[in-house]
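Taking it in order: structure first as structure tokens, then the write-up.
Derivation of every value follows stated rules applied to the coordinates shown; laboratory data play no part. Because the structure is a prediction, the values reported are computed rather than measured. Because the Cβ atoms are built from the backbone with ideal geometry, glycine has one as well, and the counts that use them run over all protein chains shown.
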Amino acid sequence: MTSLRISELSATSGVPLPTVKYYLREGLLPAGERTARNQAEYGPEHLARLRLIRALIEVGRLSVADTRAVLAASDDPRMPLNEVLGAAHDAVTRRAAPTRPEPAWHEARAVVLDMARQRGWHIEPDCPALDQAADAVAAVLAADIPELYPLIDVYFDVVEPMARREVEAVLAMESPDQVVRGVVMGTILGESLFNALRLLAQQSVSTRLLDPGKGADGGGSGAETGA
């Protein structure tokens, strides 16, 4: 890839020119190589960084401050890869906390921690995802529907092999920038895909249980399309 002028960098990346300039002013995107008083050239590393910034801000919904912190972690050669991954994951999962009742929420948090430790999981006590899990478990317990309680165990069992495959895929990437981008895209898009597939599976299972005749032919899609 040859050097790009800033307008070409904008066109190639799909990021509007004013936004590219804003990222430069904020120090998120490194300056290009100066070729004239008002001109600079940019290389493939700038294009890769721009795509990463876009993933963090537009997909991950991170603030500029959080984006800068994640980029600093990925740029620090002394930072172990596991900590780079953790910084990206924490930034993506950090969201506004709802009002958490006492002591029910802390009881739910303790339940999550205990179930995780029973499985040998290593959980950082200040991990934002732990609080999110506690929010969900607290809601289940508050709903007082005992039939839902065993599902907490089911979710634990389902997500562990998924998480292993996801982390292995991210760690196979070549650079810290790609790792961070993989965490952001995998966390946000994976969450959306998992929820959508779960709804589709629920629809299929409920049809088979409640309308066995219709569920037996899988909705007829294969026969009707000739698949």
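From the list A139, A143, A129, the one residue that fits, being under 27 Å from D66 (Cβ atoms) and out of contact with any Ser or Thr (no Cβ under 9 Å at 6 or more places or on another chain), is A139. Of all residue pairs spaced 6 or more apart or on separate chains, those with beta-carbon atoms under 6 Å, a first member in segment 1-24 that is in contact (Cβ under 8 Å) with a residue 40 or more places away in the chain and a second member that is aromatic (F, W, Y) are L4/Y42; L9/Y42. Taking the listed residues L29, L47, L24, the one that is aliphatic (A, V, I, L, M), within 26 Å of the chain's Cα centre (by Cα) and not in a helix (DSSP H, G or I) is L29, with no other qualifying.
Residue-by-condition table, conditions (1) touching a Pro at 6+ places or on another chain (Cβ under 9 Å); (2) assigned to a helix (DSSP H, G or I); (3) crowded, with 18+ Cβ neighbours inside 10 Å:
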{"position": "T35", "(1), (2), (3)": "no, no, no"}
{"position": "E58", "(1), (2), (3)": "no, yes, no"}
{"position": "L71", "(1), (2), (3)": "no, yes, yes"}
{"position": "N82", "(1), (2), (3)": "no, yes, no"}
{"position": "W105", "(1), (2), (3)": "no, yes, yes"}
{"position": "A110", "(1), (2), (3)": "no, yes, no"}
{"position": "R117", "(1), (2), (3)": "no, yes, no"}
{"position": "A129", "(1), (2), (3)": "no, yes, no"}
{"position": "A138", "(1), (2), (3)": "yes, yes, yes"}
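The residue list L81, L141 contains one member that is more than 26 Å from V180 (Cβ to Cβ) and not hydroxyl-bearing (S, T, Y), which is L141. Residues that are surrounded by 15 or more Cβ atoms within 10 Å (Cβ to Cβ), free of Cβ contacts under 8 Å to residues at least 40 places away in the same chain and either within 17 Å of Q178 (Cβ to Cβ) or hydroxyl-bearing (S, T, Y) (or both) within segment 37-56 comprise Y42, I53, listed in sequence order.
With respect to the conditions (1) surrounded by 15 or more Cβ atoms within 10 Å (Cβ to Cβ); (2) without any contact (Cβ under 8 Å) to a residue 24 or more places away in the chain; (3) of a type in the set (F, W, Y), F156 falls short on a single one, namely (2).
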